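To start, the structure itself, in structure tokens.
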Amino acid sequence: MNLNELITKKDLENFKQEVFEKMTELLNPTKKSYNDKNWVKSKEAKELLDCSQNTLDGMVVNSIIKRNKIKGRWYYSIKSINDSLENKTKAA
């Protein structure tokens, strides 16, 4: 055994944290990853914000969230959703 191959307690703690985070992500199906998308449909936006359609529409009217209509379907900006969530967290 080589001295460079020893596992430290810190290594094990880091590994435990990584495994815990990955398992939490896999076991929580309602929290999807939208990092690769710029726009989401109404259903996904409501899931992310945990709100009703009326609340979502109110956020658009109050310029909190941006949306675009493409071929008769509304798409909501992930960036504006994330920004609104960050502002809500800062205010709390």
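Readers should treat all values here as calculations from the given coordinates under stated rules, not as data from a laboratory. Keep in mind it's a predicted model, so treat the numbers as computed, not measured. All Cβ positions, glycine included, derive from the backbone under ideal geometry; neighbour counts span all protein chains shown.
Once fully extended, how much extra length lies between K79 and D50, figured as 0.36 nm per residue of separation less the alpha-carbon to alpha-carbon distance?
8.8 nm
Pop out the ³J(HN,Hα) list for segment 50-66 in order, Karplus 6.51 cos²θ - 1.76 cosθ + 1.60 with θ = phi - 60°, rounded to Hz; leave Gly and Pro as x.
With the stated coefficients, segment 50-66 comes to 6, 9, 8, 5, 4, 5, 4, 4, x, 5, 5, 4, 8, 6, 8, 10, 9 Hz.
Could you tally the net charge around C51, taking each other residue with its Cβ under 13 Å from the Cβ of C51, Lys/Arg +1 and Asp/Glu -1?
That works out to -1.
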